[in-house]
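What follows is one structure encoded as structure tokens, with my remarks underneath.
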Amino acid sequence: MRTATIVASGVVLGVVAMLATSVRAGTATPRAPLSAGAGAEALAPLGPGRPLARCLRESLFKLRALRDELNLSPDQRQAIANVLQGHKAEIIAAIRSVHEKRKALLQAVRAENVDEQAIRQAAQGMATTIGDAAVVWARARREVLAVLTPEQRQKVERALAEIQNSVEGAMAELGAQ
């Protein structure tokens, strides 16, 4: 369950990143789906037998489709840009902190001598940092959702529920292997 939550949280962060990309570009021009053409072929090795990779690929497709389905107005794009700009420093600080804690955990895990206490301490530090990042995300998410119409919020929630179901399905498939 914890892994599913972390994966789903990462995917949810992708929504803001995709919205930010559309905002930065000034437009959200429709694009050919990744499932068509060379994009899908490049992702083919992630296919059958790799449930988490498949889940990630499907989630990215859903997020891309969501970005286009939201059909944000220029005012909404600007409002979202303002929200993200307002949280930019704390988002960057959270990302850097998670990155540093992850490096510390990897260093503890890769140490020549296994030091369980050091590994657990590094993992706890990372968990705390992820919690801090989740709080930052929750604040920004609340402000972004406030910019959307009820219909757009429903589309976001529906897409996120589908992604969460994909994560749960991938986790169940892992358990069956």
Check: Tell me, what HN-Hα J-couplings in whole Hz come from the Karplus equation 6.51 cos²θ - 1.76 cosθ + 1.60 at θ = phi - 60° for each residue of the range 103-120, using x for Gly and Pro?
Finding: 4, 5, 5, 4, 4, 5, 5, 8, 4, 4, 9, 6, 10, 4, 5, 5, 5, 5
Check: Given R₀ = 22 Å, FRET efficiency for residue 82-residue 135 by Cβ-Cβ distance, to 0.05?
Finding: 0.65
Checklist line | Cα-based shape type of the range 79-169, given that a ≥ b ≥ c are square roots of the gyration tensor eigenvalues and the cut on a/c is 1.5 | finding: oblate
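Would you please name the GluC sites (Glu not before Pro) within the range 59-147 that are DSSP coil residues with at most 15 other C-beta atoms within 10 Å of their C-beta?
Numbers: sites: 69, 90, 100, 112, 116, 143; in loops: 112.
Of the GluC sites (Glu not before Pro), the ones in loops of the range 59-147 whose Cβ has at most 15 other Cβ atoms within 10 Å are 112.
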Item checked: Cross-link reach list, lysines versus residue 155, counting only Cα pairs under 30 Å and skipping chain neighbours closer than eight places -> 62, 88
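Based on the Cβ-Cβ distance of residue 100 and residue 174, what FRET efficiency does E = 1/(1 + (r/R0)^6) give at R0 = 35 Å, to the nearest 0.05? Let's see the in-between values first.
Numbers: r = 29 Å, r/R0 = 0.82.
Computed FRET efficiency for residue 100 and residue 174: 0.75.
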Notebook entry, point to check: Measuring from label point to label point, each 7 Å out along Cα→Cβ, what is the residue 117 to residue 93 span in nm?
Noted result: 3.2 nm
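None of the figures in this text is laboratory data; all of them are computed from the coordinates on show. Keep in mind that what you see is a predicted model, and the values were worked out from it rather than measured. Here the Cβ is made from the backbone with ideal geometry for all residues, glycine too, and neighbour counts use every protein chain on show.
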